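Worksheet for the structure shown next.
The values are calculated or read from the model by the stated rules, or taken from the named source; none is laboratory data. On a predicted model such as this, the values are computed, not experimentally measured, just so you know. With ideal geometry, Cβ positions are generated from the backbone for all residues, glycine too; neighbour counts draw on all protein chains shown. Accessible surface areas use protein heavy atoms only, side chains included; no ligands, DNA or RNA. Shrake-Rupley method; radii C 1.70, N 1.55, O 1.52, S 1.80 Å.
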Amino acid sequence: MRLNWRWTTLFAIAIFMVSAVVMVLTRPLLPIDETRYLTVSWEMWNDGSWSVPHLNGEVYSHKPPMLFWIINLFWTVTGVSEFAGRMVGPEFGALSVALTAGLARALWPGDPARAGRAALILATTTLYLLYGTSTMFDTMLAAATLAGLWATWSLSMAPRRGAAVALGAALAFCVLAKGPVILVHVMPATLLLPLW
């Protein structure tokens, strides 16, 4: 019996999220990055200044503000807690698992099971579980890159305004999340699209 690719993808997301919750609850914050990013988010919350991130009272311009904004948004909904702040990265990790399935489904429409398998492989890869469950900018970059690649593929198949808007939104989101590094990931695929 073959499983539907949607059910396999949901199963992959569930595996990833259960693993993420266990890892967040059982491992301490990793210095220097996780401790720094939660400190910046806490200072934004404590000072009530969401526009400009600060670390130890100084402007923190080393990273774009999207992660800090989203952590503060989570805290607005759930209340301030280390657990809620640390779950932002894994939420984007789960989104990346779903986007991997969607992109695989678009690339191989004749083999829908491949989408579920791709999601399952990503969700259970040890390195992805380690980085995808951390409070860092990388899962936001991964999600934006996957969304940008999917939008690029959609534009090549049938140019529509929705796909162009999705590509622009993915690029803009990532510039605020990780900086212009998304162009390193999306532009080569976009420029080489006629070859694939």
Item to check | So Gly162, is it surrounded by fewer than 20 Cβ atoms within 10 Å (Cβ to Cβ), over 28 Å from Ala20 (Cα atoms) and within 18 Å of the chain's Cα centre (by Cα) | outcome: no
Item to check | Qualifying residue in the range 164-173 (condition: of a type in the set (Gly, Ala, Ser), modelled with pLDDT of 95 or more and within 26 Å of Ile15 (Cβ to Cβ)) | outcome: yes
Checklist outcome for this item: In the range 135-153, anything in contact with a Lys or Arg (Cβ under 9 Å, 6 or more places away or on another chain), in a helix (DSSP H, G or I) and open to solvent by less than 40 Å² (accessible area, probe 1.4 Å) is listed as Met140, Leu141, Ala144
Item to check | helices (runs of 4 or more DSSP H) enclosed by the range 36-134 - at least 3 residues per element that are crowded, with 20+ Cβ neighbours inside 10 Å, β-branched (Val, Ile, Thr) and at pLDDT 95 or above | outcome: 88-107
Next on the checklist: Being of a type in the set (Ser, Thr, Tyr) and not in a helix (DSSP H, G or I) is the requirement here; does Ser156 meet it?
Outcome noted: no
Checklist entry - For residues in the range 23-35 being among the hydrophobic types (A, V, I, L, M, F, W, C) and surrounded by 14 or more Cβ atoms within 10 Å (Cβ to Cβ), which is farthest from Val97 (Cα to Cα)? => result Leu29
Checklist entry - Is it true that some residue in the range 3-22 is part of a loop (DSSP other than H, G, I, E, B), free of Cβ contacts under 8 Å to residues at least 24 places away in the same chain and open to solvent by less than 70 Å² (accessible area, probe 1.4 Å)? => result no
